[in-house]
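One structure below.
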Amino acid sequence: MRLRRALLVAITSAAALGAGGVIASALNDLPQDARPVQDPTAELNSQPAAQPPSQPVVVPPREPAPEAAPAPVVPIPITPPNPSVVVVPEAEEVSPTEDEAAAAEQAEVVAAPAEAEKAAEPARRQRGRVAIVEAVDKITAETMRFAVEVGGRPVRFADSLIVSARACEVSTPEEVVPDAIAYLEFRVQPRGLLQASEPREIFRGWMFASSPGVNGLQHPIYDAWVVGCRA
């Protein structure tokens with residue numbers, strides 16, 4: 001009897017632990033509510049400029065100009081010295097041999113592809129861990145700028161818009177237009193813990209912060225676009 005009770009207790013505990021792990025995993029996959037993100041540039045611009053401490057202005061005393069000798073009444077003639085010309089003998093031109101000329105041509109041919117490879121190699125874009133997204137609810141006129149972790153937990157905006165970020169990159173200084181590019185996924189699912197159906201995907205692709213109208217989300221209820229990337 002004791003052995004049966006111990007086996008029953010062990011089986012019940014294992015089942016409870018397994019169910020708890022499944023519930024925790026399901027809760028972790030649920031989207032979290034979006035929180036507004038403040039623009040760091042606006043915060044810096046809103047800070048008042050630091051005022052220097054008030055100190056008395058000290059003016060240094062002015063020194064008198066030095067006295068110069070008076071100019072002569074009669075001009076003094078000045079005769080420049082005769083410059084000495086040094087003749088440098090011309091160096092004799094030495095024609096290179098055939099072996100030296102061939103070696104020089106081979107060195108130029110080898111150096112040209114190496115320089116071309118260095119010039120053609122572009123700089124790598126810097127990747128961010130968080131994408132900054134701005135979304136608008138057309139029905140309630142709610143606008144929010146929020147952060148979405150790349151590869152992390154999805155973020156829910158308003159009632160049913162779910163946003164996931166897969167990548168976020170910042171353009172290199174060599175590029176003409178400074179930009180932030182993010183790969184985002186947008187799904188729609190009503191708010192609630194237990195859902196009868198899976199979220200419906202409405203957009204997936206790259207978005208550009210410099211051109212939000214090129215590949216932005218255009219939905220009957222929501223509009224969304226990427227604003228930038230953050231480390």
**Asked** Which percent, nearest 5, of DSSP beta bridges in the stretch 146-231 are antiparallel?
**Response** 95
**Request:** Give the long-range amide H neighbours of residue 150: residues separated by 5 or more places, or on another chain, with amide H under 5 Å away, using H modelled in the peptide plane at 1.01 Å from N.
**Result:** 130, 131
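Each reported figure results from applying straightforward, stated rules to the coordinates on display, with no laboratory input. This is a predicted model, so every value here is computed, not measured.
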